[in-house]
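Take a look at the structure below.
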Amino acid sequence: MELPKEVGPLEFTRKFAGGIRADVARRAKIYGSDWSDAFKGDNTMKTASSTLFLFFACLSPAIAFGLLFQDGCENAFGVVEMIMSSALAGIVWAFFSGQPLCILGATGPVLAYTVVVYNMYGSMFGKQYFLPMYFWTGAWFSFFTVLMAASDMCCIVKHVTKFTEEVFSGLISAIFIVEAIKPTIKNFYSGKYDQDSALLQAFLTFGTFMLASRLAALKNTNLANFLTRKVLSSFGVTISILVMTALAQIWSQPDCDYNANFHGGARGGCIKIPFLQVPSTIQPTFIPEGSASARPWMVNPFPEGLPAWAIFFAIVPAAGFAVLGFLDQNLTTLLVNRKANALKKPPAYHLDMLVCGLIIYPLCTVLCLPFPVAATVRSLTHLISLTNYEMVEIEGGGTRKVPINVVEQRVTNLGIHILIGLSLVLASVLKFVPKPVLLGVFLFMGVSSLNGNELFERMALWAIWDQSKYPKYGYVKTVAAGQIHKFTLLQFLCLVILYALKSIRSVAVVFPFFIASLVFIRWGFNRIFSAEDLEALDGHGEDEVANTDPDSPLKRTADVEEVVERPLAANEQPVDGSALPVILGHKTQEVDGKDGKVSEWGSTEAV
């Protein structure tokens, strides 16, 4: 008797909830290992350091977005709501999601669209009715998300190729680098801080970046013993935060008197720098007019004066939220699930959407919290932090970072968001962390994440005038240099447009729609490039593999080879090329005389 063929993760089933059922069947077989794999062998250290690093990497954006929501929606939301939204969504996601490596949180497009909806509701019904209208918007949003999950809508993203993924990844790197450097430079001329303060903030930002980079490369040296190098490099970013926070206390503290003369030695005098501000009370931000206390956590969805037709009008903005949520969620999940990332466990796109629409969005709707979606920057940070790499030498010069395996588990996501939730009761400790230190962490993440993106590999070829000196990448051997540069230039222009749309607040809401349009732009390349050139530059090897195939990710989970690291011998020199900051936090390089590959084992202190 012939067994029924199992559908692939992005294959239309033509059955109601067929994709969801297939996803559940795939992930249920490995649910136990999703928890136990976090503690196998050396994975325990990787799990611990990734959790601590991602805690800071996720808490700071939550606070920043909370302040932006508070300003844009006039205190309808705030930092407390944003932290609660992130914590609740992350904990639910850790238990029930199909891809627990994704991190949920607020994103720029969702923020921009929420502000647009707030202003629209304020002009139509009055701002006092925003929260009840937000409740009905969230209810429709949740319904549409469940409907998309049940109708296999996620299968649309299989048309996204490496062209779009590289542009999106490049945007992530650019955002982190620019947004870390811009405020550091602005401090010198904005007038908000004096020169002493601007210089101290620059020292803390770049000092954190440099220390994290040095600790990342420590394992390639002969300093100390192997265990010491491994621990310091594994927890490199966390150590950098603690060291630079301690140094900052020499010149400034959260509660000191900024008006006192620091240079004159006056008691209590210090240099003014911004510190992390976490609310110490757990209550809603919004205080209704005429009331002395904050609103209740659960609002009345049927307030007096709100017309009944408004409930159905909420369908329109809810449809916009559904499009934004679909694009953010699935594009981020697609980037995480790329075959190039060497994940062994199967994806579950439809299940992820169902968890959002059935549990997470309804929770945020009832409590009137900002809606979280898969945050690309934090998700890829989480992925890379748990990845082991090898550096493969390229003929003609250069190296390429190739993933070997990933510690795929749910424990880090759970731990990160439990800590984020606890931050509301740890405000007295977290207030000593300077914001410039966290900017240094973001700079480290952005610079290091440039590695492995072929767009930037091809852009680097622009600086090499002699074509015979090009590293012998696969596409260099088969595609004419002029066609390589043309493809790269067009891709770079798309990146510039995408960054501009993200940066201009008035048009930021169309940012995810332009990402979706990259699929159609890529289709137009068929008129400019030959099929052979496109296959080399934007190969279609990222198609999902059905779990019935011999090389199915599900079947390979039991065949993951245990990785054993060895210390460098006393007379052994580290392989050259470790000067660049590596987002993995640390690497051990090992040359195999047989195939010439250089192995690099990544730390959990990665982005």
_Simple label model, 7 Å out from Cα along Cβ direction - residue 255 to residue 159, nm_ = 5.9 nm
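Highest first, please rank the peptides 155-166, 184-195 by the mean number of other Cβ atoms sitting within 10 Å of their residues.
155-166, 184-195
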*For residue 95 and residue 147, calculate 0.36 nm times their separation in residues minus their Cα-Cα distance, and state this gained length in nm to one decimal.*
16.5 nm
*asked:* Between residue 16 and residue 294, what's the calculated FRET efficiency when r is the beta-carbon distance and R0 is 60 Å? Round to 0.05.
replied: 0.90
*Compute the distance in nm between two label points, each set 7 Å from the Cα along the Cα-to-Cβ direction, one at residue 6 and one at residue 472.*
4.0 nm
*Rounded to the nearest 0.05, what FRET efficiency do residue 116 and residue 195 have when you use their Cβ-Cβ distance and R0 = 45 Å?*
0.70
_Please list, in order, the residues from the range 84-106 whose amide nitrogen is less than 13 Å from a point placed 7 Å along the Cα→Cβ vector of residue 282._
84-85, 87-88
_Spacing of the two label points (7 Å from each Cα toward its C-beta) at residue 40 and residue 481, in nm_ = 4.8 nm
*Say the cut-off is 24 Å between C-alpha atoms; which of 272/431; 186/401; 192/435; 162/435 go over it?*
186/401; 162/435
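Every read-out reported here was derived from the displayed coordinates using simple, explicitly stated rules and does not represent laboratory data. Fair warning: this is a prediction, and the values are worked out from it, not measured in the lab. Note that each Cβ is placed from the backbone with ideal geometry, even for glycine, and that neighbours are counted across all protein chains shown.
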